[in-house]
1. For the range 32-42, how many residues meet the condition of being more than 16 Å from the ligand (Cβ to nearest atom) and in contact with a helix residue (DSSP H, G or I) (Cβ under 7 Å, 6 or more places away or on another chain)?
2. Can you report the number of residues in the range 10-26 which are more than 13 Å from the ligand (Cβ to nearest atom) and open to solvent by less than 80 Å² (accessible area, probe 1.4 Å)?
3. Would you confirm whether any residue within the range 75-98 is in contact with a strand residue (DSSP E or B) (Cβ under 9 Å, 6 or more places away or on another chain), within 27 Å of Leu133 (Cβ to Cβ) and among the polar types (S, T, N, Q)?
4. Residues that are open to solvent by 50 Å² or more (accessible area, probe 1.4 Å), under 17 Å from Leu19 (Cα atoms) and within 16 Å of the ligand (Cβ to nearest atom), at least 2 per element: which helices (runs of 4 or more DSSP H) completely within the range 152-194 meet that?
5. Just to check your reading of the model, which residue among Gly29, Gly87 is more than 16 Å from the ligand (Cβ to nearest atom), open to solvent by 20 Å² or more (accessible area, probe 1.4 Å), out of contact with any Asp or Glu (no Cβ under 7 Å at 6 or more places or on another chain) and of a type outside the set (D, E, K, R)?
Amino acid sequence: MAFTLPDLPFDPDALAPHLSAETFQYHHGKHHNAYVTKANELTNGEYTNDDLERLILETEPGPLFNQLAQHWNHSFYWQCMKPNGGGEPTGELAEAINSAFGSFADFKEQLKNEGATHFASGWAWLVHDGSGLKVTSTHDADLPMKHGQKALLTIDVWEHAYYIDYRNARPDYLTAFIDNLINWDFVAENLRNV
Ligand code: MN3
């Protein structure tokens, strides 16, 4: 019994040139893996991935919360991207985005700006806050479920997410992610489950 590192839902070289196999070797194989290992150390291996959301909601901010939340955030983040992603959402999700942001172009601008201007490490999110869609960001390991929000999409803006491929150019990473990698089917599924 222990938390386990989920496999990437795509081949590590399938998202190049937007994100390279080397980025996944470090980001998934080393960074995410380290959060899983440390979460197991801090809980004596007593829990599994099925316990993760309950534990995150029960745990006060601190070292254990950080490892648990980063395990959840990264597991979610891998599902937010896919080969030949990007483009525009359709159906109910497209209507919800237009209703909240005016247009898909305005939404993309707001998401990119949220990620680009977020100071230091954290995550840019599209969430449902109970009344509608909202773009927001969280610091370090913090995540929407701690604020009564349902996560629909995230982009990791910790430097380790983009430094190998983009060096310090976070806005270029955000543009590439939004235009070429977002798995809109996953986002639409999350909205259906709100
Ligand atoms: Mn990360």
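The values are calculated or read from the model by the stated rules, or taken from the named source; none is laboratory data. Since the structure is predicted, the reported quantities are computational estimates derived from the model, not experimental observations. We place every Cβ from the backbone using ideal geometry, glycine too, and count neighbours over all the protein chains shown. Each accessible area value is taken on the protein alone, full model and side chains, heavy atoms only, with ligands, DNA and RNA left out. Shrake-Rupley method; radii C 1.70, N 1.55, O 1.52, S 1.80 Å.
1. Of the residues in the range 32-42, the ones more than 16 Å from the ligand (Cβ to nearest atom) are 40-42.
Next cut, in contact with a helix residue (DSSP H, G or I) (Cβ under 7 Å, 6 or more places away or on another chain) only: 42.
Of the residues in that region, 1 qualify.
2. 8
3. Step one: list which residues in the range 75-98 are in contact with a strand residue (DSSP E or B) (Cβ under 9 Å, 6 or more places away or on another chain), which gives 76-77, 80-82, 85-87, 89, 93, 96-97.
Keeping just the survivors that are within 27 Å of Leu133 (Cβ to Cβ) gives 76-77, 80-82, 85-87, 89, 93, 96-97.
Next, only the ones that are among the polar types (S, T, N, Q) stay: none.
No, the range 75-98 has no match at all.
4. Values: elements: 163-166, 170-180, 184-192.
Fully inside the range 152-194 and qualifying: 163-166.
5. Numbers: Gly29 fails: more than 16 Å from the ligand (Cβ to nearest atom).
Result: Gly87 is the single residue among Gly29, Gly87 that is more than 16 Å from the ligand (Cβ to nearest atom), open to solvent by 20 Å² or more (accessible area, probe 1.4 Å), out of contact with any Asp or Glu (no Cβ under 7 Å at 6 or more places or on another chain) and of a type outside the set (D, E, K, R).
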